[in-house]
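None of the figures in this text is laboratory data; all of them are computed from the coordinates on show. Everything numeric here is computed off the predicted structure, so don't read it as measured data. All Cβ positions, glycine included, derive from the backbone under ideal geometry; neighbour counts span all protein chains shown.
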Amino acid sequence: MIWVIGDVEGRRYREPFSKGILARSLSITDIGSERAYEIASEIESKLIDGDINEITLTDLTNFIVDYLDYLDPDYAKKYLNWREVRKSKEPLIILIGGASGVGTSSMAFELASKLGLKNLISTDMIREVMRKIVSKELSPVIHKSSFDAHESIRIPSIRIDSIIEGFISHVDVVNVGVEAIIERSLKEGISIIIEGVHVVPGFIRKDLISKNNIIIFTLVVDDPETHKQRFFTRCRQPWVKRSLEKYIENFDIIRKTQDFLIEQAKIHDSCIIDNVDVTETVDIMVNEIIEKYGGLKNVEQKSE
Ligand SMILES: Nc1ncnc2c1ncn2[C@@H]1O[C@H](COP(=O)(O)OP(=O)(O)OP(=O)(O)O)[C@@H](O)[C@H]1O
Ligand SMILES: O=C(O)[C@@H](CO)OP(=O)(O)O
């Protein structure tokens, strides 16, 4: 048995060396789960061959970095970069927005797997809870979708497009719940990914979004046909209950909300990703996070 020795607030603890835990921590390096497990086994064998049955977390990390560097320096670099990010005392809060059907749920899942983050919530789920609390009479807009919320606006404004006005009203209400999740995550120190159409640059309170450990991405699908196909691929799973018709009928409106999201992302200088290739989308988000969050350890919070 190899024991890994660590310490929390000066108090030593030890836990058995686990190939599974080590393999999981290599997911950031694009090695792939099978090869990651092989590498974990190779590292374990090297420790045993070296008669090492107790190793500190620091020495084990250095041992892993040296072995990854021997296999491929890029593996070691990605592994080290990610460990730098995880040393921060602040939770990592990742917000992934985008019009309906662009892939926010799927990309959030892929990113969570890559980063080994356990907490993931959709704004649709937040909205569902809020719908139970707020009656249709009191807030008709929350009981609609983002793309047909304009139908519930009682006194349409003459200043802006009614579809965008409906979208804004709908998002604004749900953002009360989104901000509550962000505040709880900050308070508890929980790293989390929040994804959905209600994550819109400029809509989340400035004192929250200005924190260095909160990062927002806007996914888009530039090509309309590719976007439309996403609704078909999403509905092919037998368990999916959302009707394809509703999204295809409202497709032009959904594209209009995407144009608004792009506008908002540009105004607020937030990262826009054309979500065509899964690997590329996830890599862009990981690199952005490492770049922005990696230096967090030494950077005070941005002045508000
Ligand atoms: N980069 C991608 N390449 C290919 N297919 C993708 C990509 N991203 C998402 N998809 C597919 O597109 C469909 C829609 O994705 P997803 O359900 O994540 O969209 P969404 O933005 O969460 O939609 P909604 O907000 O309406 O729930 C899914 O079948 C998903 O597998
Ligand atoms: O409001 C929307 O645009 C979508 C987002 O997922 O939700 P629903 O499928 O419930 O319409």
| note | Of all GluC sites (Glu not before Pro) in region 215-289, the ones in DSSP coil with at most 11 other Cβ atoms within 10 Å are none
| Ordering of 98-111, 30-43 by packing [mean C-beta count within 10 Å, highest first] | 98-111, 30-43
| query | Along the charge dipole of region 180-252, Cβ charges K/R +1 and D/E -1, which of GLY189, THR226, TYR247 sits furthest on the positive end? | reply | GLY189
| query | What full-extension length gain, to one decimal in nm, is calculated for ILE158 and GLU137 as 0.36 nm per residue of separation minus the Cα-Cα distance? | reply | 5.2 nm
| Computed FRET value (nearest 0.05) for GLU151 with THR279, which takes r as the C-beta separation and R₀ as 35 Å | 0.35
| said: Taking amide H atoms as placed 1.01 Å from N in the peptide plane, list the residues 5 or more away in sequence, or in a different chain, whose amide H sits under 5 Å from that of GLU54. | reply: TRP3
| field | Per principal axis, descending, Cα span of the chain in whole Å | value | 76, 41, 34
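Determine, from the Cβ-Cβ distance of LYS77 and GLU110 and an R0 of 25 Å, the FRET efficiency 1/(1 + (r/R0)^6), rounded to the nearest 0.05.
0.75
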| remark: In nanometres, the difference between 0.36 nm per residue of separation and the alpha-carbon distance of VAL176 and GLN229 is 15.9 nm
| How high is the FRET efficiency from GLU84 to MET1, r the C-beta distance, R0 30 Å, rounded to 0.05? | 0.50
| remark: Which residues qualify? For SER122, with a placed amide H closer than 5 Å and at least 5 residues away or on another chain, they are GLU195
| Assigning unit charges at the beta carbon (Lys, Arg +1; Asp, Glu -1) and nothing else, what dipole magnitude in debye, to the nearest 20, does the chain show about its Cα centre? | 1160 debye
| task | Considering the options TRP82, SER41, LEU95, tell which one lies farthest towards the positive end of the dipole of the chain, charges being +1 on Lys and Arg and -1 on Asp and Glu at the Cβ, about the Cα centre. | result | LEU95
| Between GLU291 and ILE21, how many nm apart are label points set 7 Å from Cα along the C-beta direction? | 3.3 nm
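Are there DSSP H segments in the chain that both extend 18 Å or more along their axis (alpha-carbon positions) and score a mean Kyte-Doolittle hydropathy of at least 0.5? List them, or say none.
Correct list, ordered by number: 57-71, 162-188.
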| How big is the equivalent ellipsoid of region 190-235 along its three axes, where each semi-axis is √(5λ) from the Cα gyration tensor, reported in whole Å from largest to smallest? | 28, 12, 8
